[in-house]
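Okay, structure first, notes after.
The values are calculated or read from the model by the stated rules, or taken from the named source; none is laboratory data. Keep in mind that what you see is a predicted model, and the values were worked out from it rather than measured. Methodologically, a virtual Cβ is constructed for each residue, glycine included, from the backbone with ideal geometry; neighbour enumeration extends over all protein chains shown. Side chains are part of the model used for accessible areas, which takes the heavy atoms of the whole protein and leaves out ligands, DNA and RNA. Shrake-Rupley method; radii C 1.70, N 1.55, O 1.52, S 1.80 Å.
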Amino acid sequence: MSDIKNMKCYCCKCYDSFDGCTAWDCENDFEIIIEKLKQVAENYGLDVHEVLALIYLERRGGIR
């Protein structure tokens, strides 16, 4: 599950590779950046759609 949370963070507009998360509130500030999403998918060896599905399930509490 921590890998999925990391994927979510790495795709977000508020994540910086140097500073980490700069969001005030993840629930309200979370926004996926397409370029970051593509890089995360490549890094994890997954398809973009698979990463999106994992993020969606994690946000909805479907992955434990």
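Across segment 11-26, the qualifying residues are those that are farther than 24 Å from ALA53 by Cβ and of a type in the set (A, V, I, L, M, F, W, C), and the one among them that is surrounded by the fewest Cβ atoms within 10 Å (Cβ to Cβ) is PHE18. Kindly list, by first and then second residue, each pair from a residue in segment 7-26 that is among the basic types (Lys, Arg) to a residue that is open to solvent by 30 Å² or more (accessible area, probe 1.4 Å), limited to pairs with Cβ atoms under 6 Å and residues at least 6 apart or on different chains. From residues that are among the basic types (Lys, Arg), the pairs are LYS13/GLU31; LYS13/ILE33. Residues in segment 27-47 that are under 11 Å from the mean Cα position of the chain (by Cα), open to solvent by less than 70 Å² (accessible area, probe 1.4 Å) and of a type in the set (A, V, I, L, M, F, W, C): PHE30, ILE32, ILE33, LEU37, VAL40, ALA41.
Among the residues making up segment 10-21, those that are modelled with pLDDT of 90 or more and among the hydroxyl-bearing types (Ser, Thr, Tyr) are TYR10, TYR15.
Listed by first and then second residue, the pairs with beta-carbon distance under 7 Å, at least 6 apart or on different chains, first residue in segment 36-58 and touching a residue at least 12 places away in the same chain (Cβ under 8 Å), second open to solvent by 70 Å² or more (accessible area, probe 1.4 Å) and among the charged types (D, E, K, R), are GLU58/LYS5.
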